[in-house]
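Colleague: Take this structure first; my questions come after.
Please treat every number below as a calculation from the coordinates, not as lab data. In this text, all values refer to a predicted model and were calculated from it rather than measured experimentally. All Cβ positions, even for glycine, are placed from backbone atoms using ideal geometry, and neighbour counts span all protein chains on display.
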Amino acid sequence: MHGFSQLFLCLVISITTPVFCASAETQAKMTVDACHELDKSNSEMKEIYRRILKDNMDEKRFTVAFERAQRAWSVFRDAHLHALYPKAPDSYGTTHEMCRCLVLNQMTRERIETLKKWLSGGMEGDVCQGSTMRGKR
């Protein structure tokens with residue numbers, strides 16, 4: 001990738017991932033970095049998900065609903081990605097894999113923040129927090 005093109009790509013990427021381009025020098029490196037961040041986010045999300053299930057294993061109705069919600073989120077995530085990139089991957093050029101990882105990572109980070117509500121117990125006084133309200137199911 002030419003210097004200006006790479007700089008422009010890093011500028012665009014840095015809007016959602018500020019630290020990402022600081023050390024990336026090639027498209028291949030940027031792709032590896034983006035996909036590595038996605039792997040880390042997926043691991044974190046899975047750990048939070050397992051912890052929530054473990055903390056609530058005595059609440060069968062909750063765990064069934066929670067597992068269903070996670071499966072639905074996964075279907076949504078995949079459908080959203082397909083809507084962004086409906087053509088064959090090679091038709092998007094050399095940045096496709098990196099962009100795919102960036103989009104998936106952003107969605108996964110948002111899901112992590114949603115899941116964390118079950119760990120923190122929600123905000124005091126929020127009457128609409130439902131099952132995130134610890135000890136109130």
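Colleague: Can you tell me the FRET efficiency between LYS60 and GLU110 if r is taken as the Cβ-Cβ distance and R0 is 30 Å, rounded to the nearest 0.05? Working shown, then result.
Modeller: Values: r = 28 Å, r/R0 = 0.92.
For R0 = 30 Å, the calculated efficiency reads 0.60.
Colleague: So, one more: Could you tell me which of LEU102, MET57, THR31 has its Cα farthest along the dipole of segment 25-114 towards the positive end, charges placed at Cβ (Lys, Arg +1; Asp, Glu -1), taken about the Cα centre?
Modeller: MET57
Colleague: Here is a further query. In whole Hz and in residue order, list the ³J(HN,Hα) couplings for segment 63-74 that follow from phi through the Karplus curve 6.51 cos²θ - 1.76 cosθ + 1.60, θ = phi - 60°; x for Gly and Pro.
Modeller: 4, 5, 5, 5, 4, 4, 5, 5, 4, 5, 4, 4
Colleague: Using +1 on the beta carbon of Lys and Arg, -1 on that of Asp and Glu, and nothing else charged, what's the dipole of segment 25-114 about the Cα centre, debye to 20?
Modeller: On the way: 15 positive and 15 negative charges, 76 e Å.
The calculation lands at about 360 debye.
Colleague: Then there's this: Show the residues, 5+ positions off or on another chain, whose built amide H is closer than 5 Å to the amide H of THR95.
Modeller: It is none; the list stays empty.
Colleague: Just name one of SER120, HIS82, GLY93: the one whose Cα is farthest towards the positive end of the charge dipole of segment 68-137 (beta-carbon charges, Lys/Arg +1, Asp/Glu -1).
Modeller: SER120
Colleague: Could you give the radius of gyration (one decimal) and Dmax (whole number) of the Cα atoms in segment 25-114, in Å?
Modeller: 15.7, 50
Colleague: Next up: Quick one: order LYS54, LYS116 by neighbouring beta-carbon count within 10 Å, fewest to most.
Modeller: Numbers: LYS54 9, LYS116 14.
Least to most surrounded, the residues fall as LYS54, LYS116.
Colleague: From the backbone phi of segment 28-42, what are the Karplus-calculated ³J(HN,Hα) couplings (6.51 cos²θ - 1.76 cosθ + 1.60, θ = phi - 60°) in whole Hz, Gly and Pro given as x?
Modeller: Result, rounded to whole Hz: 4, 5, 5, 5, 4, 4, 5, 6, 5, 4, 4, 4, 5, 5, 4.
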